[in-house]
1. Kindly indicate the residue of the stretch 85-103 that is free of Cβ contacts under 8 Å to residues at least 40 places away in the same chain and of a type in the set (S, T, N, Q) and also surrounded by the most Cβ atoms within 10 Å (Cβ to Cβ) among those meeting that condition.
2. Taking the stretch 71-95 as the search range and keeping residues that are over 30 Å from PRO22 (Cβ atoms), among the acidic types (Asp, Glu) and more than 14 Å from the chain's Cα centre (by Cα), which one is modelled with the highest pLDDT?
3. For the stretch 20-43, does any single residue satisfy the condition of being touching a Ser or Thr at 6+ places or on another chain (Cβ under 7 Å) and among the polar types (S, T, N, Q)?
4. Out of the stretch 42-57, which residues are not charged (D, E, K, R) and not in a loop (DSSP other than H, G, I, E, B)?
5. What number of residues in the stretch 4-51 are at pLDDT 95 or above, of a type in the set (Gly, Ala, Ser) and touching a helix residue (DSSP H, G or I) at 6+ places or on another chain (Cβ under 7 Å)?
6. So PHE123 clears everything in (1) modelled with pLDDT under 95; (2) under 30 Å from THR29 (Cβ atoms); (3) not small (Gly, Ala, Ser) except one condition, right? Which one?
7. Run GLY41 past the list (1) in contact (Cβ under 8 Å) with a residue 12 or more places away in the chain; (2) at positive phi and report the number of the one that doesn't hold.
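The values are calculated or read from the model by the stated rules, or taken from the named source; none is laboratory data. Only a predicted model underlies this, so the values are computations on that prediction, with no experimental measurement involved. Here the Cβ is made from the backbone with ideal geometry for all residues, glycine too, and neighbour counts use every protein chain on show.
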Amino acid sequence: MNNNKSVQVKIELGHRASQRDPPSQGGFTHDWTVYVRGPEGCNISNFVEKVVFNLHHSFPDHKRAVIAPPYQVAESGYAGFTLPIDIYFKNKEETKKIRFQYDLYLKLDDTPVNHIRCETLTFQNPTDEFKKKLLKSGGTVVSKQALEDFNQKMP
């Protein structure tokens, strides 16, 4: 293993939401789906063990673990909320999981929401086994120097 190498992989977090007409008997005004996926159809299940969506505590079974694609949860509600999303990796060492704070927002008019947030994950010196899983999902090898150059350009 070359200790000067890292692997970067991209993921997308997003949600779709649409207004219900009329609202449900429970007062829910919107249907929504929140998801984690690979860009352009990349199969992130090569390196993702599971995704845990930590819904607002008012939802039944508010901690939803999804162990196979599609990594998504669909529900109905009446308000947006901040949604912690934990992504667990198929990795025996290093980083086992990462948490993202995701803003699941709803529009008050009948305009549907289709929001995508792109994230780049960088794994420093992954094991050969994990590196193969990342590369199989569209990951790219970057040198330590390239990472340092990139980080210096960031504000």
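1. Taking the stretch 85-103 and keeping what is free of Cβ contacts under 8 Å to residues at least 40 places away in the same chain, we get 86, 92-99, 101, 103.
Then drop every residue that is not of a type in the set (S, T, N, Q), which leaves 95, 101.
Details: THR95: 15, GLN101: 10.
Out of the qualifying residues, it is THR95.
2. Just the residues of the stretch 71-95 that are over 30 Å from PRO22 (Cβ atoms), to begin with: 71, 84-95.
Now restrict to residues that are among the acidic types (Asp, Glu): 86, 93-94.
If we keep only those that are more than 14 Å from the chain's Cα centre (by Cα) as well, we get 93-94.
Numbers: GLU93: 78, GLU94: 69.
Among residues in the stretch 71-95 that are over 30 Å from PRO22 (Cβ atoms), among the acidic types (Asp, Glu) and more than 14 Å from the chain's Cα centre (by Cα), the one modelled with the highest pLDDT is GLU93.
3. Within the stretch 20-43, the first condition is being touching a Ser or Thr at 6+ places or on another chain (Cβ under 7 Å), and the residues that meet it are 20, 23-24, 28, 30-31, 38, 42-43.
Checking the rest, the ones that are also among the polar types (S, T, N, Q) come to 24, 43.
Yes, the conditions are met somewhere in the stretch 20-43.
4. The first filter runs over the stretch 42-57 and keeps only residues not charged (D, E, K, R), leaving 42-48, 51-57.
If the condition is that a residue be not charged (D, E, K, R) and not in a loop (DSSP other than H, G, I, E, B), then ILE44, SER45, ASN46, VAL48, VAL51, VAL52, PHE53, ASN54 are the ones that fit.
5. Here the count works out to 1.
6. (2)
7. Going through the list (1) in contact (Cβ under 8 Å) with a residue 12 or more places away in the chain; (2) at positive phi, GLY41 breaks only (1).
Condition check ((1) assigned to a strand (DSSP E or B); (2) in contact with a strand residue (DSSP E or B) (Cβ under 9 Å, 6 or more places away or on another chain); (3) over 30 Å from LYS132 (Cβ atoms)) across all residues:
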| site | (1), (2), (3) |
| --- | --- |
| ALA68 | no, yes, no |
| VAL73 | yes, yes, no |
| ALA79 | no, yes, yes |
| ILE85 | yes, yes, no |
| TYR88 | yes, yes, no |
| ASN91 | no, yes, no |
| THR95 | no, yes, no |
| LYS107 | no, yes, yes |
| ASP110 | no, yes, yes |
